[in-house]
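Comments concern the structure below.
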Amino acid sequence: MDKIEGLKTELETYKNLLPSLKEKEGKFALISGDELLGTFDTYSDALDEGYREKGLDPFLVKKISSIEIISYFTRDLHSCPTSATV
């Protein structure tokens, strides 16, 4: 399985587990494949445990939230039309 397929599996696992994780909203889920390895108070704690358990094998750390927040980042740099020019 390539890394992209692994991420798809883990995201699908998160989606399937979300109803049972709602009481832990705000914490971080650690998922590998189709298995929940635990929930943690901080991203850092979940990440540390992920590396301890899985080493360099793929795993997902995701904040548990009933509302999905999608962030878009780009490397394209453009001038801000509202910025003042000197």
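The values are calculated or read from the model by the stated rules, or taken from the named source; none is laboratory data. The structure displayed is predicted, hence computed values, not measured ones. Note that each Cβ is placed from the backbone with ideal geometry, even for glycine, and that neighbours are counted across all protein chains shown.
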Loosely packed, with under 10 Cβ neighbours inside 10 Å, polar (S, T, N, Q) and modelled with pLDDT of 95 or more: which single residue out of Ser66, Ser20 fits that description? Ser20
Filter segment 27-37 for residues that are over 12 Å from the mean Cα position of the chain (by Cα) and modelled with pLDDT of 95 or more; the one that is nearest to Asp48 (Cα to Cα) is Leu37
Residue tally, condition in a strand (DSSP E or B), in contact with an Asp or Glu (Cβ under 9 Å, 6 or more places away or on another chain) and either closer than 21 Å to Lys8 by Cβ or of a type in the set (S, T, N, Q) (or both), over segment 39-60: 1
